[in-house]
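The next block holds one structure in the form of structure tokens; read it before the comments.
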Amino acid sequence: MDLVNRLVFPSPPSPLLCAVLSGLACASFFPIYIMPPPELISLNSLEGRLLFAVPKKGRLLQAALNLLEGADIQFKRENRLDIALVKNLPIALVFLPAADIPTFVGEGRVDIGITGYDQVQEHDAGVRAIARARRMSNEWSPKDEKPRGCDTILDLGFGSCKLQIQVPAKGEYQTGKDLIGKNIGTSFVHLASEYFARLELEQEGIKVDSTASYAGRKLRTKIIELSGSVEAACALGVADGIVDLVESGETMKAAGLKAIETVVETSAILIKSKAPSNPAMVDLIAARINGVITAQKYVLCQYNVPRAQLVDATKVTPGKRAPTVTSLEEDGWVAVSAMVEKKRIAPVMDDLTKVGATDILVLDIHNTRGS
């Protein structure tokens, strides 16, 4: 039950919006039926709005919502609704599984989205596999190609983890090549397939180009698709190793596994379609979110210092571009303001005290603009 299920249509929809929502429904393989929501959202209410995909659950959801709040994207998500209309901007938020967002953005059904870098790489690897299969079967023509895929706008700085090959901690496997010809369980089928394709080529003595695609190549290694509880696959005898995300490593250790190689390092990113419906609005959203991210990294440090010690003090707080210096009413004294990285603020205050600064204040920054 997703987009189309949550909509009530009081009047015939436009062809454009029909195409958008039909594409979303088909791509998600959700059954389609009408269920009246608490607040009616019609197709006409989406007309002229930028579609912004947000993870509907999971480890990225809350941090994504915090970013939207900091960027002053105002909305209220009704219970069980996967679409929310933004009150102060011509945007509609679409809540989707993070794994599906690269597909919707890449197909141009949604303009912009927040998802994991790993999900974008998995989607792109799948596209490469399909393209290779079509070329091999002579079904592909350059004339049939449409602008597909998505562009990364920003690294959002949260949700960092690694997609790693994991094996039983007390087992015999020490490297990825030890698993060639074995069973590998994963929900990242395409990335795992490309990775093991490279390992197999290297084992055969073939030089591998790290930038080349090996999607769709026939493998000796068996990649088994699993949608959940991947870490249990080895213990249950389904797989000899797995390819799965590792954040803290606690789940991996609890399952008796260890990581032997990293396939992809990932974090949350902001992506956009190759042809967004409103490029100016995409730029506005990106600028706001970038401002929030910058504000989260810095604090504003203010202090008074004798002018004779100003050079030493500004070496401690050079600011992002330069500190702001203002003369005080008291002769020989100045006030200084500078942005300082939040993680460095304690030693910075210690060093300022040593050079003679007084009245040192640290203020939070809620948002900012500019590089």
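Over 20 Å apart at the Cα level, from the set Lys170/Lys253; Lys272/Lys297; Lys57/Lys342, are Lys272/Lys297; Lys57/Lys342.
Structural descriptor for segment 202-312: relative contact order 11 percent, calculated from alpha carbon pairs under 8 angstrom and at least 6 residues apart.
So which trypsin sites (Lys or Arg not before Pro) in segment 303-360 end up in coil per DSSP with only 16 or fewer other C-beta atoms within 10 Å? Sites meeting the loop and neighbour criteria: Lys320, Arg321. Taking the Cβ of Glu69 as the center, what net charge do the other residues with Cβ under 14 Å away carry, scoring Lys and Arg +1 and Asp and Glu -1? Every neighbour counted, the sum reads +3.
Solvent-accessible area of Glu247, all protein chains in place: 120 Å² (probe radius 1.4 Å, heavy atoms, ligands and nucleic acids excluded). For segment 56-125, relative contact order (Cα pairs under 8 Å, six or more residues apart, normalised by length) works out to 23 percent. For segment 293-371, carbon and sulfur atoms together expose 51% of the accessible surface, with a 1.4 angstrom probe and every protein chain in place.
Take the Cα radius of gyration of segment 161-203 and divide it by 2.2 N^0.38 Å, N being the number of residues; the result is 1.15. Select from Ala259, Tyr195, Gln296 the residue farthest towards the positive end of the dipole of segment 191-334; place +1 on Cβ of Lys and Arg, -1 on Cβ of Asp and Glu, and compute about the Cα centre. In segment 191-334, that residue is Tyr195. Relative contact order for segment 251-338: 23 percent, from Cα pairs under 8 Å spaced at least 6 residues apart, divided by residue count.
The values are calculated or read from the model by the stated rules, or taken from the named source; none is laboratory data. Please read these numbers as outputs of a predicted model, since none were measured by experiment. Positions of Cβ are backbone-derived with ideal geometry, glycine not excepted, and every protein chain shown enters the neighbour counts. Accessible surface is based on the protein model in full, side chains and every heavy atom, while ligands, DNA and RNA are left aside. Shrake-Rupley method; radii C 1.70, N 1.55, O 1.52, S 1.80 Å.
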